[in-house]
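The values are calculated or read from the model by the stated rules, or taken from the named source; none is laboratory data. The structure presented is a predicted model; accordingly, all values stated were derived computationally and were not measured. So basically every Cβ, Gly included, is an ideal-geometry build from the backbone, and we count neighbours across all protein chains shown.
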Amino acid sequence: MARTGTNISAVAEFNVSVVLDAIRRRPGGIARGDLVALTALSGMTVSNVCRRLVDAGLVTESVLPAAGRGKPPKIVRLDPDGGFAIGVHIDPAVVTYVVVDLAGQVRDHVSTHTPTVQHPARVVGEMVVTIEKLLDESGVDRSKLLGIGVAAPGPINATTGVVLNPPMLPNWHRVGLRGSLSVAMDLPVLLEKDTTAAVVAELWFAAPEASRDFAFV
């Protein structure tokens, strides 16, 4: 079931997310009229959001060849090269780094041993070095980097962005990962518990008609 948006201007950014998600789930493209039906937004709101996404280089629009009377519809498609992100999965044994495009496809990846250090600054330092090397080797346009997502063992403090004291990472005590990594890379950083991130991935790659209700074990 698709998410639906709202026409209240105060949540315009949420509407952008809703429309972009609907476009992403249809790699073959989708007409604006179908977006209106899927998102429960007004035609004007969908048009304004699509215009913003095109201007940002995140989607493309094309007009279908005329097939009879009436104005041919505009088809909106996600541009996978319109943006990139860094993903980091922290495991007790290895840390996996990936570069993903806007469609969520992995463009490059590397794994390293998980740091077992006493000082949090060294953790962040090692991550920055690895990310910088991965970006150089992947060849992606750095100006299109949107941010970094980190999946870490819990418990974490989602408000402060701190990895508290994971049982399987005994030396990782109160590591201020989100803020330190954001400052070091000059990018927005999202820190999430690994199990929650896995659930989000299931939702992200689910087919458009798939149920949004499931249990994750």
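Within the option set 144, 193, being within 16 Å of the chain's Cα centre (by Cα) and within 18 Å of residue 102 (Cβ to Cβ) holds for one residue only, 144. Taking the stretch 153-163 as the range and being out of contact with any strand residue (DSSP E or B) (no Cβ under 6 Å at 6 or more places or on another chain) and in a strand (DSSP E or B) as the test, the residues that pass are 157, 162. The condition (being in a loop (DSSP other than H, G, I, E, B) and closer than 15 Å to residue 85 by Cα) is satisfied by just one residue among 140, 150: 140.
Check the stretch 97-117 and report whether any residue there is surrounded by 16 or more Cβ atoms within 10 Å (Cβ to Cβ), among the β-branched types (Val, Ile, Thr) and touching a His at 6+ places or on another chain (Cβ under 6 Å). Checked the stretch 97-117: at least one residue is surrounded by 16 or more Cβ atoms within 10 Å (Cβ to Cβ), among the β-branched types (Val, Ile, Thr) and touching a His at 6+ places or on another chain (Cβ under 6 Å). Count of the stretch 195-217 residues, restricted to those that are more than 22 Å from residue 84 (Cβ to Cβ) and either surrounded by 14 or more Cβ atoms within 10 Å (Cβ to Cβ) or modelled with pLDDT of 90 or more (or both), is 3. Within the stretch 18-48, the set of residues being surrounded by fewer than 17 Cβ atoms within 10 Å (Cβ to Cβ) and touching a residue at least 60 places away in the same chain (Cβ under 8 Å) comprises just one member, 27.
Summed over the stretch 173-194, the residues that are part of a loop (DSSP other than H, G, I, E, B) and surrounded by fewer than 16 Cβ atoms within 10 Å (Cβ to Cβ) give a count of 4. Within the stretch 156-168, residues that are touching a residue at least 12 places away in the same chain (Cβ under 8 Å) and surrounded by 15 or more Cβ atoms within 10 Å (Cβ to Cβ) sit with their Cβ atoms under 7 Å from residues that are among the hydrophobic types (A, V, I, L, M, F, W, C) and part of a loop (DSSP other than H, G, I, E, B), at 6+ positions apart or across chains, in these pairs: 156/164; 163/172; 166/172. Looking only at the stretch 108-128, residues that are closer than 13 Å to residue 86 by Cβ and modelled with pLDDT under 95 come to 2 in all. The single condition from (1) in a helix (DSSP H, G or I); (2) more than 19 Å from the chain's Cα centre (by Cα); (3) not hydroxyl-bearing (Ser, Thr, Tyr) that residue 198 fails is (2).
If we scan the stretch 104-116, do we find a residue that is part of a helix (DSSP H, G or I), in contact with a strand residue (DSSP E or B) (Cβ under 7 Å, 6 or more places away or on another chain) and under 21 Å from residue 194 (Cα atoms)? Scanning the stretch 104-116, I find no residue that is part of a helix (DSSP H, G or I), in contact with a strand residue (DSSP E or B) (Cβ under 7 Å, 6 or more places away or on another chain) and under 21 Å from residue 194 (Cα atoms), so the answer is no.
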